[in-house]
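The values are calculated or read from the model by the stated rules, or taken from the named source; none is laboratory data. These numbers come from a predicted model, not from an experiment. Accessible surface areas use protein heavy atoms only, side chains included; no ligands, DNA or RNA. Shrake-Rupley method; radii C 1.70, N 1.55, O 1.52, S 1.80 Å.
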Amino acid sequence: MESWRCHDCGTYEDFRPLTASEREYVRGRIPNHTRLSSYLVCTREGCRRYQRRGDWTDGAKFPEPDKS
C-alpha cells in the first residue's frame, strides 16, 4: 500500500489498487489520456474516494452502496 493525501479525508491515508469491479466503474469516468492503473482507492473506513496517484485533486467518490 502507498500513503497519499486523501482529498476527502484531508489527511495522509493508505491507498490500494482498484479491484476489477472498481476499474469498470472508474474507466468510464476518467479522461482517455490517463492510465487506469494510476488510480488508487483510500482505505480509511467510510471513505469512498478514488484518486490518481500523485494528484489528490483528480478523482471522485464511488456511489453509496445499496442498503437492500
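Structure summary
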item: In Å², nearest 10: area of Thr43 left accessible to a 1.4 Å probe; result: 60
item: Å² of accessible area per residue within the chain, as computed with a 1.4 Å probe and no ligands counted; result: 70
item: Whole-Hz ³J(HN,Hα) from phi, Karplus 6.51 cos²θ - 1.76 cosθ + 1.60, for region 51-58, glycine and proline x; result: 8, 7, 3, x, 9, 5, 8, 9
item: Solvent-accessible area of Asp8 with every protein chain in place, 1.4 Å probe, in Å² to the nearest 10; result: 60
item: Mean separation of Cα contacts under 8 Å, 6 or more apart, over the residue count of region 13-59: relative contact order %; result: 36
item: The chain: most fluctuating residue of Glu22, Glu45, Glu13 per GNM, C-alpha cutoff 10 Å; result: Glu45
item: 222 nm mean residue ellipticity, helices alone, for the chain (DSSP H n ≥ 4; -39,500 (n - 2.57); rounded to 500); result: -3000 deg cm²/dmol
item: The chain - percent of accessible surface contributed by carbon and sulfur, probe 1.4 Å; result: 46
item: Rounded, prolate or oblate (a/c below 1.5 giving rounded, otherwise prolate when a/b exceeds b/c) for the chain by Cα gyration tensor; result: oblate
item: Ser38 - accessible surface, heavy atoms, 1.4 Å probe, Å² rounded to 10; result: 20
